[in-house]
Amino acid sequence: MSAASVNMQVNIGGLAMKNPVTVGSGTFGYGQEYDRYFDVARLGAVTVKSLSLQPRAGNRPPRLVETPAGMLNAIGLQNVGIEAYLRDKLPFLREKGCTVIGNIYGYSPDEYAQLAEILEREGGADAIEANLSCPNVHDAKTRGCKLVSQSPERVAEYTRAVKAATRLPVFIKLSPT
């Protein structure tokens, strides 16, 4: 039996993928950055760097620090914004035939809903990953003192908003806490 004859297709929450391999959001940019190392179209999906309504510069360096247990980062959700993503980044992924998971974040459930609507309307993703896990950014209701992902009620509120805004499969990215 050859590797080509093995069916690795999976369906995860309504998202059909040619295999179960994707990349962690935030770790892979928008896919094009890694294409010179291997064909990114071979992945089951490309999970893109978080997208917000407006571009975000992120935190000033230093943003990485090595620790005895590994590495910590505080990138600060640097991203090109939804418009530049659709115009400049998405065409590469679509030309390659990639399945795309669009990671989104904002400062309110309404912003998450807007991003989900835009990605669905513009064909910018095949599924949505709502980033509720980032310790670098807080929503307005919590006033910076508690992450959305640390409140089951807030997670439910954000999830309902995103689910109401799109028919695409929705995944919620939570923090380990």
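The values are calculated or read from the model by the stated rules, or taken from the named source; none is laboratory data. Note that the structure is predicted; figures quoted are calculated from it, not measured. Cβ atoms come from the backbone with ideal geometry, glycine included; neighbour counts cover every protein chain shown.
Give the residue, chosen from S52, S2, S25, that is modelled with pLDDT under 90 and either within 25 Å of R167 (Cα to Cα) or among the hydrophobic types (A, V, I, L, M, F, W, C) (or both). First the steps, then the outcome.
On the way: S52 fails: modelled with pLDDT under 90; S2 fails: either within 25 Å of R167 (Cα to Cα) or among the hydrophobic types (A, V, I, L, M, F, W, C) (or both).
Residue meeting the stated conditions: S25.
Hey, can you tell me all the residues within the range 108-155 that are out of contact with any Lys or Arg (no Cβ under 8 Å at 6 or more places or on another chain), part of a loop (DSSP other than H, G, I, E, B) and at pLDDT 95 or above?
Hits for the range 108-155 are E122, G124, A125, D126.
If I ask for residues that are part of a loop (DSSP other than H, G, I, E, B) and of a type in the set (F, W, Y), which ones from the range 19-66 would you list? Give the steps one after another, and end with the answer.
The initial filter retains those residues of the range 19-66 that are part of a loop (DSSP other than H, G, I, E, B), namely 19-31, 35-39, 43-45, 48-50, 52-55, 57-63.
Within the range 19-66, F28, Y30, Y37, F38 meet the criteria.
Can you report the number of residues in the range 96-124 which are touching a Ser or Thr at 6+ places or on another chain (Cβ under 7 Å) and under 12 Å from T166 (Cα atoms)?
Going through the range 96-124 one residue at a time, the tally reaches 3.
Quick grid of which residues meet (1) among the aliphatic types (A, V, I, L, M); (2) at negative phi; (3) at pLDDT below 95; (4) loosely packed, with under 15 Cβ neighbours inside 10 Å:
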{"position": "V46", "(1), (2), (3), (4)": "yes, yes, no, no"}
{"position": "A57", "(1), (2), (3), (4)": "yes, yes, yes, yes"}
{"position": "L77", "(1), (2), (3), (4)": "yes, no, yes, no"}
{"position": "G106", "(1), (2), (3), (4)": "no, yes, yes, no"}
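If I ask for residues that are under 11 Å from the mean Cα position of the chain (by Cα) and not hydrophobic (A, V, I, L, M, F, W, C), which ones from the range 23-62 would you list?
Residues satisfying the conditions are G24, S25, G26, T27, G29, Y30, T47, K49, S50, S52.
Give me a count of the residues in the range 82-104 that are part of a loop (DSSP other than H, G, I, E, B) and among the β-branched types (V, I, T).
Residues flagged as part of a loop (DSSP other than H, G, I, E, B) and among the β-branched types (V, I, T) within the range 82-104 amount to 1.
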